[in-house]
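Asks: This is the structure, below, for whatever I ask next.
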Amino acid sequence: MTILYSFRRCPYAMRARMALLIKGTPLELREVLLRDKPPSMLALSPKGTVPVLQTAAGDVIEESLEIMCWAIPAESLWFSLADLEQQLEQARSFDDTFKPHLDAYKYYRPDADRSREAYRELAAGLLDEFEANLHNHDYLLGFQPQFLDLAVMPFVRQFAAVDRRWFDTQHRQYLRRWLDRWLADPLFTGMMTKYPQWQEGSSGEVWPSR
C-alpha cells in the first residue's frame with residue numbers, strides 16, 4: 001500500500017492530501033510531528049519535511065507538487081483550462097515569490113529587515129492578480145476549479161489566518177469569497193480530519209476512510 005507521511009496543518013501537505021483525495025485510492029496515512037520526525041520518514045527523505053509519499057511500488061516522492069501531479073492525471077478536468085506544464089509553472093512561481101513573504105510575516109522576527117506590516121503588504125500584493133481574475137469567474141483560471149486552485153489555496157489560507165480580521169477588511173473581497181468557498185469544500189474538509197501522531201513500528205490510518 002502507498003504510504004503518506006503528513007502533518008495536518010502544513011500547507012504543502014494539505015495540497016498533497018487534496019490531490020490524493022481526488023485520486024481516491026486508499027493509502028496508509030502516517031501523521032507526524034515535525035519536532036519528532038520518525039526515523040523511517042528520514043530514511044526515505046533526509047530533508048525531513050512533509051509530505052513524503054512512498055508508492056506501493058517503492059518509489060519515493062518528496063515534493064508536494066510532484067505528489068499532486070502523481071495523483072491527478074494530466075488529462076483530467078483539473079487541467080482543462082491550462083495544461084499541466086502551465087499550471088505547474090504558475091504554482092512553482094507562486095511558491096517561490098509568495099512563501100518567503102508569508103513566512104517573514106507569520107513568523108516575524110524583531111531583527112528582520114522590514115516591519116511585519118511591510119512583509120504582509122509584500123505578500124498581499126502578490127494576491128492582486130488572483131483578485132483580478134476572480135472578478136470574472138469563481139476560480140483562478142475560469143469557471144471550474146483547477147490544479148492551481150488546489151496548489152495555492154492552503155498558503156492563502158495560512159496568510160489570511162495570521163490576522164483574519166485584517167484580511168476580511170481588505171479590498172480583496174473576491175479572493176476572500178474564493179477562500180471561504182474552498183474552506184467549506186468537501187475536498188478541504190475531507191482532508192482535515194485529525195489523527196493521532198503515528199508511532200514508529202505501528203500501522204497508520206487507512207485513508208481516505210470508506
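The values are calculated or read from the model by the stated rules, or taken from the named source; none is laboratory data. Note that the structure is a prediction, hence the values are computed from the model and not measured. Positions of Cβ are generated from backbone atoms using ideal geometry, with glycine treated the same way; all protein chains shown enter the neighbour counts. In case anyone asks, the SASA skips ligands and DNA or RNA and just uses the protein heavy atoms, side chains included. Shrake-Rupley method; radii C 1.70, N 1.55, O 1.52, S 1.80 Å.
Asks: Averaged per residue, what accessible area in Å² does the chain show with a 1.4 Å probe, protein chains only?
Replies: Working: 10550 Å² over 210 residues.
On a per-residue basis, the chain sits at 50 Å².
Asks: To continue, here is another question. Among all stretches of the chain without exposed GluC sites (Glu not before Pro) (DSSP loop, at most 15 other Cβ atoms within 10 Å), which one is longest? Display every interim value, and only then the final one.
Replies: Numbers: sites that count: E75, E200.
Here the longest segment lacking exposed loop sites spans 76-199.
Asks: Ignoring the sites themselves, what is the longest stretch of the chain with no chymotrypsin sites (Phe, Trp or Tyr not before Pro) in a DSSP loop and at most 11 other beta-carbon atoms within 10 Å? Don't skip to the answer; put the middle values down first.
Replies: Details: sites that count: Y107, F143.
Longest run free of exposed loop sites: 1-106.
Asks: With viscosity set to 1.567 mPa s and temperature to 4 °C, compute the Stokes-Einstein D of the range 1-94, Rh being the Kirkwood radius across alpha carbon pairs; µm²/s, no decimals. Please list the in-between numbers first.
Replies: Working: Rh = 13.7 Å.
After rounding, the answer is 94 µm²/s.
Asks: Among residues other than M192 whose Cβ falls under 14 Å from its Cβ, what is the net charge (Lys/Arg +1, Asp/Glu -1)? Display every interim value, and only then the final one.
Replies: Numbers: positive: R8, R9, R15, R17, R157, K194; negative: E31, D185, E205.
Overall, the nearby charge balance is +3.
Asks: If you don't mind, there's one more thing I want to ask. If the viscosity is 0.692 mPa s and the temperature 37 °C, what translational diffusion coefficient in µm²/s does Stokes-Einstein give for the chain when Rh comes from Kirkwood over Cα pairs?
Replies: 182 µm²/s
Asks: Round to a whole number: what % of the accessible area of the range 1-134 belongs to carbon and sulfur, probe 1.4 Å? Intermediate values should be presented prior to the final figure.
Replies: Numbers: 3270 of 6630 Å².
C and S fraction of accessible area: 49 percent.
Asks: Another question, then. Using a Förster distance of 30 angstrom, determine the FRET efficiency expected from the C-beta separation of R35 and S80, and round it to 0.05. Could the numbers behind the result be given before it?
Replies: Details: r = 41 Å, r/R0 = 1.36.
According to the calculation, E is roughly 0.15.
Asks: Next question, about the same structure. Can you give the percent of C-alpha pairs in the range 25-64 whose distance is more than 17 Å? Walk me through the numbers before you get to the answer.
Replies: Values: 179 of 780 pairs.
The calculated P(r) of the range 25-64 puts 23 percent of pairs beyond 17 Å.
Asks: Something else: Mean separation of Cα pairs under 8 Å and 6+ residues apart, divided by the residue count of the range 100-154: what relative contact order is that in percent?
Replies: Values: 28 pairs, mean separation 11.6, N = 55.
It comes to 21 percent, rounded to a whole number.
Asks: Please give me, ordered by residue number, the trypsin sites (Lys or Arg not before Pro) of the range 1-55 that lie in loop per DSSP and have at most 14 other Cβ atoms within 10 Å. Intermediate values should be presented prior to the final figure.
Replies: Working: sites: R8, R9, R15, R17, K23, R30, R35, K47; in loops: R8, R9, R35, K47.
Here the trypsin sites (Lys or Arg not before Pro) that fit, given the DSSP loop and packing criteria, are R9, R35, K47.
Asks: Right, here's the next one. Starting at 0 and stepping by 10 Å, how many percent of the alpha carbon pairs of the range 151-210 end up in each bin?
Replies: Spelled out per bin, shortest first, that is 18, 39, 24, 15, 4, 0.
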